[in-house]
Amino acid sequence: MQRAVGIALLVVAALLIVWGINSGDSLSSELSETFRGTPSDRTVWFYVGGAIAAILGLFLTFSPPRHPRAST
C-alpha cells in the first residue's frame, strides 16, 4: 500500500511540474517575469508542489514497508 501511494505521488509530482512549465510559458507569467524579474506565483506554487510531492513519493516508494507490531 505504501509503495502504491508513493508511485501515485510521483505521478502527481510529474503532472504538477508539467503544469508549472506550461504556466511559465503563459502570457501572464511572461509579463510577470519581464516586470518583476520572477515567474508568476502560480508557476512557483506548481513547482513547489511538484517538488514536495516528488520527495514524498520517492521516500514512500523506496523506504522499507512498516509492519505493525503484534501485541503480546
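Sparsely packed loop sites in segment 10-72 (the trypsin sites (Lys or Arg not before Pro) outside DSSP H, G, I, E and B with at most 15 other Cβ atoms within 10 Å) comprise Arg66, Arg69.
For the pair Ile55 and Met1, a Förster radius of 25 Å applied to the C-beta separation gives a FRET efficiency near 0.80, rounded to the nearest 0.05. Fewest-first ordering of Leu16, Leu31 by other beta carbons within 10 Å of each residue's beta carbon gives Leu31, Leu16. Its Cα centre serving as origin, the chain has a Cβ charge dipole (Lys and Arg +1, Asp and Glu -1) of approximately 540 debye. For percent of Cα pairs over 21 Å apart, the value computed from the atomic coordinates appears in the list (1) 66; (2) 63; (3) 44 under label (3). The angle between the Cα long axis of helix 27-36 and the longest principal axis of the Cα atoms of the chain comes to about 80 degrees, rounded to the nearest 10.
Computed over segment 14-72, relative contact order equals 36 percent, with contacts defined as Cα pairs under 8 Å that lie 6+ residues apart. Along the axis of the charge dipole computed for the chain (Cβ charges of +1 for Lys and Arg, -1 for Asp and Glu, origin at the Cα centre), the listed residues His67, Phe46, Ala8 are led at the positive end by His67.
Bear in mind that the values in this text are calculations on the coordinates, not laboratory data. Keep in mind that this is a model prediction, so the values were computed, not measured. Every residue, glycine as well, gets a Cβ built from its backbone with ideal geometry; the counts of neighbours run over all protein chains shown.
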